[in-house]
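To keep things clear, I will list the structure first and then write my remarks on it.
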Amino acid sequence: MRRLLTITLCATLAACATTQPGRPDPTVLTGTWKVDLRPTPADPPYYQEFVVTAVSGGSFEGRFYGAPIEQARINVDWGAVRIAFVTSDQSGPYNHSATLTGGRLEGLSNSTGRNFLSYWSAVKP
């Protein structure tokens with residue numbers, strides 16, 4: 001009985017170890033996204049654009065809130081499209097990250113110059 005359990009367990013673990021999550025296509029980011037940047041859920045929507053003009057390898061190009069995107073990175077290794085990038089204005093850099101879930105980007109923006117962290121969401125209209 002113990003030997004059967006050991007063989008079954010080893011076979012199961014081996015199967016799990018070789019299973020990898022699907023690799024989604026990051027080019028779905030390409031296009032214009034309508035970003036809701038409202039400060040709190042109770043505030044009215046405040047819309048800006050996130051425009052992705054090109055996706056290549058592990059990076060992308062475009063604009064967020066009218067500012068050029070820098071240091072853009074994409075990760076699809078964990079079964080979802082996840083991104084990080086930097087923009088800046090006169091107050092300093094903004095570090096952004098987001099995850100694409102069900103056709104919707106859910107992100108965070110960290111303003112190092114203005115000392116705030118904000119949530120945002122975006123959809124393609």
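Provide a single number: the residues in the stretch 88-99 that are surrounded by fewer than 20 Cβ atoms within 10 Å (Cβ to Cβ) and in a strand (DSSP E or B). Before you say what the answer is, go through the steps one by one.
Within the stretch 88-99, the subset surrounded by fewer than 20 Cβ atoms within 10 Å (Cβ to Cβ) is 88-93, 95, 97, 99.
Filter once more, so that each one left must be in a strand (DSSP E or B): 88-89, 92-93, 95, 97, 99.
Looking only at that region, the number is 7.
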Query raised in the report: Asp77 fails exactly one of the following numbered conditions: (1) within 20 Å of Lys34 (Cα to Cα); (2) of a type in the set (D, E, K, R); (3) surrounded by fewer than 15 Cβ atoms within 10 Å (Cβ to Cβ). What is the number of that condition?
Result: (1)
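Would you check if there is a residue in the stretch 70-80 being farther than 17 Å from Arg23 by Cα and in contact (Cβ under 8 Å) with a residue 24 or more places away in the chain? Show your work before the answer.
Of the residues in the stretch 70-80, the ones farther than 17 Å from Arg23 by Cα are 70-72.
Next, from what is left, pick out any that are in contact (Cβ under 8 Å) with a residue 24 or more places away in the chain: none.
There is no residue in the stretch 70-80 that is farther than 17 Å from Arg23 by Cα and in contact (Cβ under 8 Å) with a residue 24 or more places away in the chain.
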**Report entry** Close pairs (6 angstrom Cβ cut-off, 6 or more residues apart or separate chains): farther than 9 Å from Val35 by Cα in the stretch 103-125, assigned to a loop (DSSP other than H, G, I, E, B) anywhere
**Finding:** Gly113/Ser91; Arg114/Ser91
Query - For Gly31: the one exception among (1) closer than 18 Å to Ala122 by Cα; (2) free of Cβ contacts under 8 Å to residues at least 60 places away in the same chain; (3) among the small types (Gly, Ala, Ser) - result: (2)
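Throughout, read-outs are computed from the coordinates displayed, never taken from laboratory work. Please read these numbers as outputs of a predicted model, since none were measured by experiment. A quick note on method: Cβ atoms are made from the backbone with ideal geometry, for glycine too, and the neighbour counts reach across all protein chains shown.
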